[in-house]
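Written out below as C-alpha cells is the structure these notes cover.
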Amino acid sequence: MAITAKYLFVVSMDVEPDKEALFNEVYDEHIGFIRRVPGVRGVSRAKTAPAAVMIGGEKKPLIGEGEPTYTAIYELDSPDVLLSQAWQDAVEAGRWAAQVRPYTKNRHHVLRQVI
C-alpha cells in the first residue's frame, strides 16, 4: 500500500462469529460511503492471519492474541475529516449502524500521522 495521505485513521474490531459473513458484506458497503467523504484518499481492510517472525535468531509466533481480528485503515488529508458532517453522515449511512455495529466488540480507534 503506497501511503499518499498525511494521516491514517486505524479502526480495529472483532465481530460476533455468527455475524462475520454479514460484517464483511456490509463493511464493503460501509467503506464505499466513507470513500466519498472529502479528504478521504483511500481505505484498506485487513484480517489477522497467523504467521511467525524471526527476531534475534528465535522464531516468534504472530497470532494476534488479544488484538482485534479486523482492521480498516483510512487515509486522510487531515484529522478534521473525522469531525466533518460528511464523515458523520457516511458512518451512519447504509446497513452498518443498525445491522452490524451492535455486534462488534473490542473496538480500537487511533489516528496516526504519517512521518
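Values quoted throughout were computed directly from the atomic coordinates according to the rules given, and no laboratory measurement underlies them. Predicted model, so just to flag it, every value in this text is computed and none were measured. So basically every Cβ, Gly included, is an ideal-geometry build from the backbone, and we count neighbours across all protein chains shown.
Taking the Cα centre of the stretch 54-115 as origin, sum charge times position over the Cβ atoms of Lys and Arg (+1) and Asp and Glu (-1), and report the length of that vector in debye to the nearest 20. Spell out each step's value before the answer.
Working: 7 positive and 8 negative charges, 66 e Å.
That gives the stretch 54-115 a dipole magnitude of about 320 debye.
Over the stretch 32-115, calculate the relative contact order: mean separation of alpha carbon pairs under 8 Å at least 6 apart, over the residue count, as a percent.
That works out to 32 percent.
What value in Å³ per residue do you get for the convex hull of the alpha-carbon atoms in the stretch 26-115? Intermediate results must be reported in sequence, preceding the final value.
On the way: hull volume 11.0 nm³, N = 90.
Normalising the Cα hull of the stretch 26-115 by residue number yields 122 Å³.
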Separation between Cα centres of the stretch 56-77 and the stretch 86-115, rounded to whole Å: 19
Degrees, to the nearest 10: 20-35 long Cα axis against longest axis of the chain: 50
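More than 22 Å apart: what percent of Cα pairs in the stretch 1-79 qualify?
Numbers: 1214 of 3081 pairs.
In whole percent, the long-distance tail amounts to 39.
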Given charges at beta-carbon only (K, R positive; D, E negative), |dipole| of the chain in Debye: 240
Around PRO79: net Lys/Arg minus Asp/Glu count, Cβ-Cβ under 15 Å: 0
